[in-house]
Amino acid sequence: MAKPPTLAFLRTESGAGAVLALAALAALSLANSPFSAAYFNLTGTLIPLRFGAFAQTLSLEGWVRDGLMPVFFLVVGLEVKFEVLRGEFSSPRRLAVPIMAAIGGMAGPALVYLAINRGAGGAPRGWPIPTPTDVAFALAALAVFARRLPQSLRLFLLTLAVADDLGAVVLIGVLFSGKIHFTAAAAALFILLALLLLSRWQKAPRTLFAVGFLLIWGFTLRSGISTSVAGFACALTVPVGWRRPEQESVIKAFQDALHPYVAYAILPLFAFVSAGVSLAALPPGALLAPTALGVALGLALGKPLGVFGFTLLTVATRLGRKPLGASWPELFGVALLCGAGFTLSFFLSALAFTPAQQPAMRLAVILGSLAPVLAGGLLLHQLQAARDGRGGELEP
């Protein structure tokens, strides 16, 4: 019997989290080893790309960020579109709690960061950095520490993280797009509209969409708009298959085809080129600077408190229902796991700050993410053991 798509997605994400963690650990180890020079030379290698009139030169790290990460945002867009039409987002009652939790999970760390960076030496522009949740890492932690807890907790975490990713795309598009070249932007928009019309043709060759996505990416890169926005926008053009039920799998076919490459290649590669921090090169007190402190505490404190606080408020006001079979301590444990910023926090850090500021910011992301994940994992493990002792039942 075929396994439900959501559960297959959860298993892929959980496995990918381990690969992601290993890639980040490898980067951190190499950056502080005798091979550090080779590592930084590799990530900083300039790579020119020319195709007809298109010419662009970026570092390896830059190509991974601007060339490969848009595929991740394309998958995020496909997930959001599917969930809105056929999944968790199609039910307002079920959607209310994770959506409000996601809003709280963005507001909490932003407020913590801004509170620390409002004075002299602060940099308020960095407030989006602690707002995302790395779903792969969070789900991997949940699988490692508390595999036998109710499935509703995993679905809650997944839905919350997808909403979080959507918020990150909006922030990137609004705050971190550079000076816009309108001719290139208009060309990207024209092709996007053409793909929207093409999506009405249910049997349209997928090759046409692939070519269209590449063209939109190229024009967006030239326009100065973040290519992550292009990846997300392209997802909206993928046909869903409303007319014949057997074609409703078109959008899932795109997602399933791309997701393993994103989970096991693109995201770990991005972690590998982004997580390398030379501890010896950090100036004294770098982690106590308002920017680094704001990011670390935003992830470790602001994120979990925002997620849990808005979840509690939504249930208390009867705007939504608590995930079936989950206790409040278990939801707090999941809220702690949401402090795993990692991939998207690295991404936002690279957009918000200069290369010279990156080492301290990246280390702040790593430390700020590990603290709540370890705390949440240990709490959930204890709660799972308590459940097992009661035969899997909640306390009255």
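The values are calculated or read from the model by the stated rules, or taken from the named source; none is laboratory data. It should be emphasised that the depicted structure is a prediction, and the values quoted were computed from it without experimental measurement. Backbone-built Cβ (ideal geometry, glycine too); neighbour counts: all protein chains shown.
Hey, Val144 hits all of (1) buried (at least 18 other Cβ atoms within 10 Å of the Cβ); (2) under 20 Å from Val334 (Cα atoms) but one; which does it fall short on?
(1)
Among the candidates Leu297, Leu287, single out the residue that is more than 23 Å from Arg390 (Cβ to Cβ), over 21 Å from the mean Cα position of the chain (by Cα) and assigned to a helix (DSSP H, G or I). I'd like the intermediate steps shown before the answer.
Details: Leu297 fails: over 21 Å from the mean Cα position of the chain (by Cα).
Result of the check over Leu297, Leu287: Leu287.
Going through region 309-325 one residue at a time, which ones are in contact (Cβ under 8 Å) with a residue 60 or more places away in the chain, part of a helix (DSSP H, G or I) and either of a type in the set (A, V, I, L, M, F, W, C) or over 25 Å from Val373 (Cα atoms) (or both)?
Within region 309-325, the first condition is being in contact (Cβ under 8 Å) with a residue 60 or more places away in the chain, and the residues that meet it are 309-311, 313-315, 319-325.
Filter again for part of a helix (DSSP H, G or I), leaving 309-311, 313-315.
Residues satisfying the conditions are Phe310, Leu313, Val315.
Quick check on my filter: what residues within region 361-373 are under 18 Å from Thr291 (Cβ atoms) and either basic (Lys, Arg) or buried (at least 24 other Cβ atoms within 10 Å of the Cβ) (or both)? Working first, answer last.
Just the residues of region 361-373 that are under 18 Å from Thr291 (Cβ atoms), to begin with: 361-369, 371.
Passing the criteria: Met361, Arg362, Ala364, Val365, Gly368, Ser369.
Within region 204-225, can one find any residue that is under 26 Å from Leu348 (Cα atoms) and modelled with pLDDT under 85?
Just the residues of region 204-225 that are under 26 Å from Leu348 (Cα atoms), to begin with: 213-225.
Now restrict to residues that are modelled with pLDDT under 85: 224-225.
Checked against the condition, which is being under 26 Å from Leu348 (Cα atoms) and modelled with pLDDT under 85, region 204-225 yields at least one hit.
For region 278-318, give me the residue count where each residue is crowded, with 21+ Cβ neighbours inside 10 Å and under 26 Å from Leu22 (Cβ atoms).
Total meeting the criteria: 8.
Given the conditions (1) buried (at least 23 other Cβ atoms within 10 Å of the Cβ); (2) under 26 Å from Gly231 (Cβ atoms), which single one is not true for Gly108?
That leaves (2) as the condition not met.
Please verify whether region 326-343 includes one or more residues that are at pLDDT below 90, more than 19 Å from Gly104 (Cα to Cα) and assigned to a helix (DSSP H, G or I).
Within region 326-343 (the criterion being at pLDDT below 90, more than 19 Å from Gly104 (Cα to Cα) and assigned to a helix (DSSP H, G or I)), the answer is yes, since at least one residue qualifies.
Identify the single condition in (1) in contact with a Leu (Cβ under 6 Å, 6 or more places away or on another chain); (2) at pLDDT 85 or above that Leu28 does not satisfy, given that it satisfies every other one.
That leaves (1) as the condition not met.
Taking Leu305 and the conditions (1) at pLDDT 85 or above; (2) in contact with an Asp or Glu (Cβ under 8 Å, 6 or more places away or on another chain); (3) more than 25 Å from Ala188 (Cα to Cα); (4) among the hydrophobic types (A, V, I, L, M, F, W, C), which numbered condition does it fall short on, given that it satisfies the others?
Condition (2) is where Leu305 drops out.
Only one of (1) within 25 Å of Ala38 (Cα to Cα); (2) touching a residue at least 60 places away in the same chain (Cβ under 8 Å) fails for Ala356. Which number is that?
Of the numbered conditions (1) within 25 Å of Ala38 (Cα to Cα); (2) touching a residue at least 60 places away in the same chain (Cβ under 8 Å), the odd one out for Ala356 is (2).
Exactly one condition in (1) surrounded by fewer than 18 Cβ atoms within 10 Å (Cβ to Cβ); (2) within 20 Å of Leu139 (Cα to Cα); (3) at pLDDT below 85; (4) under 22 Å from the mean Cα position of the chain (by Cα) is not met by Leu22; state its number.
Condition not satisfied by Leu22: (3).
Of everything in region 309-338, what is more than 17 Å from the chain's Cα centre (by Cα) and either under 17 Å from Leu139 (Cα atoms) or among the β-branched types (Val, Ile, Thr) (or both)? Give them in sequence order.
Going residue by residue through region 309-338, those that are more than 17 Å from the chain's Cα centre (by Cα) are 309-333.
Thr311, Thr314, Val315, Thr317, Pro323, Ala326, Glu330, Leu331, Phe332, Gly333 - these are the residues of region 309-338 that are more than 17 Å from the chain's Cα centre (by Cα) and either under 17 Å from Leu139 (Cα atoms) or among the β-branched types (Val, Ile, Thr) (or both).
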